[in-house]
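Take a look at the structure below.
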Amino acid sequence: MTLPERLESPPPTTDKQSFGGSSASDRSFWTDPLIWFLLLLAVIIRIVYNLALKQDPLDWYSFVIDEREYFGAAHMFAEGRGFSFFDTALWVRPPLYVVLLGILLRLGQDTYLPVLVIQSVLSAATLLPLGLLAYHHGGRAAARWCVAFGTLYLPFTLFAGLLLSETVFLFFLAWVLLALYKAASELTIALRRSGLVWLGVAGIMLGMAALTRATALGFVPLAALWLFIILRRGAHITTKKALLLAGVLLVVPILMLIPWTARNWAVYGRFIPVDTTTGYNLWLGSVGVRDEPRLQADLLRIENQGDRQAFALARGWENISSDPVSFLGKGAKESLDLWRPLFGAEERQVRGYASGRVPAWHLASLFVFDDLLYLLVLLAASMGLLFLAAAPMRFLTVLWLIMWLATAFIFFAVTRFRLPIVAALLPWAGIGIAHFSSLTRARRVLARSNNGQRIGLAVSFALVAIVVLPAIPLEDTVLGVQRWEAQAPYRRGEALLADGRTSAAIAEYNLASSEIPDTRYALAAAYLQEGNIASALGQLAVNEPERRFEPLLIRGEAARRSGDLATARSFFNERTVNLAGDEALRWAWDHLSPPPVKSIDLGSGLDIGYVKGFHSSEVDGGRQFRWSSNQMEVRGLQMSGSADVTVEMSGWRPDILPAAQFSIYSPLTKEQAIGGRIVITLPNDAAWTSEKVGVDTGIDDSGPIFDFRASVNPFIGSGSDPRLLGVRITRINVAP
């Protein structure tokens, strides 16, 4: 049989050990133009899709899951403060992704595109080893299908755009699988140097994976066990040699952990090999993933990270031992949930879908390229795993799946845990599709199969139909698409309101769904801009169905326009508004039009509508203020000819950081021409200082209202406060 014939024909279904094709046939894979086209397409899809989906990708309030934490830790690393973020955070995390993200943030000056591009390339590169595994076991068609599945599987695209470690983790794990395959296939023939090199690569990649996510440590002994069993089947390898070679997979990752473990010992005086999330996750899982804020509060009372880990592990074990039956029931449920699609998972970025906030194209893409494609991968992988020859990689894949099932059972199931499972199944899905792609091939494979394989396939399909299929979120998808279409007039109204065409905006809002609170709140804000306070308040229900900040802002603005500043201040200072922070300020900026003023007191509540790019109100010695972010805007200052705008601020930040450089951009500066910039260097201390900016309304036709935007070199406060901070500002006022 010629090489092309061998690659295109289904593999034999015997019980003999098989590693697939030889390494000499790799050239045909690496030179396949379709493979490289799919990889290029994968990079493009990941970049374009995330840029289209994310309006403000590095906004602290729009981060999902652990993005705030990774961003804060990476930013502090980029600031030159090492891993000190974890000294005040709830737990210690592995360092590798923090280092990578910190370098990208430093090089890109806190911009999103470098992070997205690098992670997109890594995500696409992950498909190379997976495709090569499919190629060795199922031929060229299997490799193409494998890479195509990985290119189109939407969670891979979404995670490439998130500040989370999963993309880097999958990259290392995919190369671990290939390196293990290569090492075992070469070493079972002879103790070749190339086999030893691949064994070293596998150990290094396992260490890198563990330094990205500690879950990889659970796979280290399983991989070593697998390698020992495979090598003992080789006639030339003794038990002693097999043990020594398998031991490489234990020793190399441990050696790679030593610097990080030593760092943790030096800082905390405790043995922390990688991270301290295990204790917390066990404790949280032991109580059924409930009452998380209380658990975190209890842990934060313990200063030392190692002691926190020990305390959490003890509490978790106490809960398990006191009610093992309940824990077993919980574990069984979590093991099933691991396989079920979850429509509302944060990483899917569908928050507000029922209010028409999520584009229909994103919801449809999730349904087709996440939920349905996941279903297809499971079914195809079942066929590949069951009907391929008894390849050693199948045993390794099963061990990989068992580890993740055990992880979900002991802790809990989250959608992110499914990504490593899908990645490991992609080669088998490609094999399954390639060899059942036609009736002729399907008959041939089934004819060679035995009863056990047929029964296994039937059971696999039945489990998918019972466990996974009912969880496919068709109803939620349809609802989200319908709401998005129904809210098209609302989006047109938002654009018109931003353009100052209030009457036209009101007409569009009235065409949108009044059942959706977003519509009523925006309509109320538009009525306020017209001065129609009664109609504005009429849009608010007596008892709002949700505790949201928009009704409070509307009532506050209505009181302000009526001249009742005390009532306005009380609404603006409600806890719900203050907790929303910059999110509330941005909504007010987009929807409210407060009257011009001579001064703005930051943090007073009455600053709402005048400022954007600030955090929640705080107090320093009785003085109210707001922390700015790295970019901010101020509007509505009433001018008359030449005047000074005074900004009362404080540039405090940790001593290790450079002083705050507060840059004001405005066409109304005396010091520079239109479009100029004034840079104010603030003392690096907690003192409050007044900085004057001279303006002249005669420079252009802007009139007597002075608006300006500003920026500052930002920093992260600490692990317990991972906000992006600029300067503290308490007052902005105009003096003639």
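So, in the stretch 394-410, how many residues would count as being surrounded by 20 or more Cβ atoms within 10 Å (Cβ to Cβ) and farther than 26 Å from P324 by Cβ?
Counting residues in the stretch 394-410 that are surrounded by 20 or more Cβ atoms within 10 Å (Cβ to Cβ) and farther than 26 Å from P324 by Cβ gives 3.
Based on what the data block shows, is L227 hydrophobic (A, V, I, L, M, F, W, C), open to solvent by less than 20 Å² (accessible area, probe 1.4 Å), touching a residue at least 40 places away in the same chain (Cβ under 8 Å) and part of a helix (DSSP H, G or I)?
yes
Kindly provide the set of residues from the stretch 426-442 that are in a helix (DSSP H, G or I), farther than 19 Å from M393 by Cα and of a type outside the set (A, V, I, L, M, F, W, C), ordered by number.
Correct list: T440, R441.
What about L39, is it open to solvent by 30 Å² or more (accessible area, probe 1.4 Å), at pLDDT 50 or above and either on the phi < 0 side of the Ramachandran plot or of a type in the set (D, E) (or both)?
No: the conditions fail for L39.
Among what's in the stretch 86-106 and is β-branched (V, I, T) and either more than 15 Å from R68 (Cβ to Cβ) or modelled with pLDDT under 95 (or both), pick the residue that is surrounded by the most Cβ atoms within 10 Å (Cβ to Cβ).
The selected residue is V92.
Looking at D275 and the list (1) within 29 Å of V220 (Cα to Cα); (2) assigned to a helix (DSSP H, G or I), which single condition is not satisfied?
(2)
State the number of residues belonging to the stretch 214-260 that are out of contact with any Leu (no Cβ under 8 Å at 6 or more places or on another chain) and either of a type in the set (A, V, I, L, M, F, W, C) or under 19 Å from T397 (Cβ atoms) (or both).
Count: 15.
Find the residue count for the stretch 443-496, including only residues that are in a helix (DSSP H, G or I) and among the polar types (S, T, N, Q).
The qualifying residues number 5.
Of everything in the stretch 182-212 that's open to solvent by less than 40 Å² (accessible area, probe 1.4 Å) and not in a helix (DSSP H, G or I), which residue is modelled with the lowest pLDDT?
A190
Which residue is farthest from G500 (Cα to Cα), if the candidates are limited to the stretch 515-534 and must be open to solvent by less than 10 Å² (accessible area, probe 1.4 Å) and touching a residue at least 60 places away in the same chain (Cβ under 8 Å)?
Out of the qualifying residues, it is I516.
Tell me which residues, restricted to the stretch 127-163, are of a type in the set (F, W, Y) and outside any helix (DSSP H, G or I).
Of everything in the stretch 127-163, just one residue is of a type in the set (F, W, Y) and outside any helix (DSSP H, G or I), namely Y153.
Looking only at residues in the stretch 633-656 that are open to solvent by 40 Å² or more (accessible area, probe 1.4 Å) and more than 33 Å from the chain's Cα centre (by Cα), which one is modelled with the lowest pLDDT?
Ranking the candidates gives S642 first.
Which residues, counting only those in the stretch 1-33, are surrounded by fewer than 13 Cβ atoms within 10 Å (Cβ to Cβ), modelled with pLDDT of 85 or more and either touching a Leu at 6+ places or on another chain (Cβ under 8 Å) or among the hydrophobic types (A, V, I, L, M, F, W, C) (or both)?
The answer is W30, and nothing else.
Among the residues of the stretch 42-82, what is the count of those that are within 29 Å of P259 (Cβ to Cβ), open to solvent by 40 Å² or more (accessible area, probe 1.4 Å) and at pLDDT below 95?
The qualifying residues number 3.
I need the full set of residues from the stretch 666-705 which are assigned to a strand (DSSP E or B), open to solvent by 60 Å² or more (accessible area, probe 1.4 Å) and either among the hydroxyl-bearing types (S, T, Y) or at pLDDT below 55 (or both), in order please.
T681, S690
Pull up the stretch 715-730, narrow it to residues that are open to solvent by 10 Å² or more (accessible area, probe 1.4 Å) and at pLDDT below 95, then point me to the one that is farthest from L105 (Cα to Cα).
S720
Looking at (1) crowded, with 19+ Cβ neighbours inside 10 Å; (2) of a type in the set (S, T, N, Q); (3) free of Cβ contacts under 8 Å to residues at least 24 places away in the same chain, can you tell me which one Q109 breaks?
(1)
Here is a yes/no grid of residues against (1) under 28 Å from the mean Cα position of the chain (by Cα); (2) more than 30 Å from G82 (Cα to Cα):
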{"position": "R263", "(1), (2)": "yes, no"}
{"position": "A266", "(1), (2)": "no, no"}
{"position": "R270", "(1), (2)": "no, no"}
{"position": "W283", "(1), (2)": "yes, no"}
{"position": "Q305", "(1), (2)": "yes, no"}
{"position": "S322", "(1), (2)": "no, yes"}
{"position": "F327", "(1), (2)": "no, yes"}
{"position": "K330", "(1), (2)": "yes, yes"}
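For A434, state whether it is modelled with pLDDT under 95, small (G, A, S), within 30 Å of Y49 (Cα to Cα) and out of contact with any Pro (no Cβ under 6 Å at 6 or more places or on another chain).
The answer is yes for A434.
Go through the stretch 543-588 and give me each residue that's among the aliphatic types (A, V, I, L, M), within 13 Å of S604 (Cα to Cα) and either touching a Phe, Trp or Tyr at 6+ places or on another chain (Cβ under 9 Å) or modelled with pLDDT under 90 (or both).
V577, L585, listed by residue number.
Going through the stretch 383-393 one residue at a time, which ones are open to solvent by 20 Å² or more (accessible area, probe 1.4 Å) and in a loop (DSSP other than H, G, I, E, B)?
Listed by number, the list holds a single entry, A390.
On the basis of being in contact with a helix residue (DSSP H, G or I) (Cβ under 6 Å, 6 or more places away or on another chain) and either over 30 Å from A559 (Cα atoms) or open to solvent by 80 Å² or more (accessible area, probe 1.4 Å) (or both), does A434 make the cut?
yes
For the stretch 369-382, does any single residue satisfy the condition of being open to solvent by 30 Å² or more (accessible area, probe 1.4 Å) and over 27 Å from the mean Cα position of the chain (by Cα)?
Within the stretch 369-382 (the criterion being open to solvent by 30 Å² or more (accessible area, probe 1.4 Å) and over 27 Å from the mean Cα position of the chain (by Cα)), the answer is yes, since at least one residue qualifies.
Would you confirm, using the coordinates I've provided, whether A179 is over 26 Å from L105 (Cα atoms), open to solvent by less than 10 Å² (accessible area, probe 1.4 Å), of a type in the set (A, V, I, L, M) and in contact with a helix residue (DSSP H, G or I) (Cβ under 6 Å, 6 or more places away or on another chain)?
yes
Here is a list: A588, A568, A525. Which entry is assigned to a helix (DSSP H, G or I), in contact with a His (Cβ under 6 Å, 6 or more places away or on another chain) and under 20 Å from R635 (Cα atoms)?
After ruling out the rest, the residue left standing is A525.
Checking V422 against (1) open to solvent by 10 Å² or more (accessible area, probe 1.4 Å); (2) modelled with pLDDT of 95 or more, only one condition comes out false. Which one?
For V422, the failing item is (1).
What single numbered condition from (1) farther than 22 Å from G605 by Cα; (2) open to solvent by 60 Å² or more (accessible area, probe 1.4 Å); (3) part of a loop (DSSP other than H, G, I, E, B) fails to hold for A512?
(2)
Answer yes or no: is there a residue in the stretch 451-459 that is of a type in the set (K, R), open to solvent by 30 Å² or more (accessible area, probe 1.4 Å) and within 28 Å of P392 (Cβ to Cβ).
Yes.
The values are calculated or read from the model by the stated rules, or taken from the named source; none is laboratory data. All values derive from a computational prediction rather than experimental measurement. Neighbour counts are summed over all protein chains in view; Cβ atoms, including those assigned to glycine, are modelled from backbone coordinates with ideal geometry. Keep in mind that these areas ignore ligands, DNA and RNA; they rest on the heavy atoms of the full protein, side chains included. Shrake-Rupley method; radii C 1.70, N 1.55, O 1.52, S 1.80 Å.
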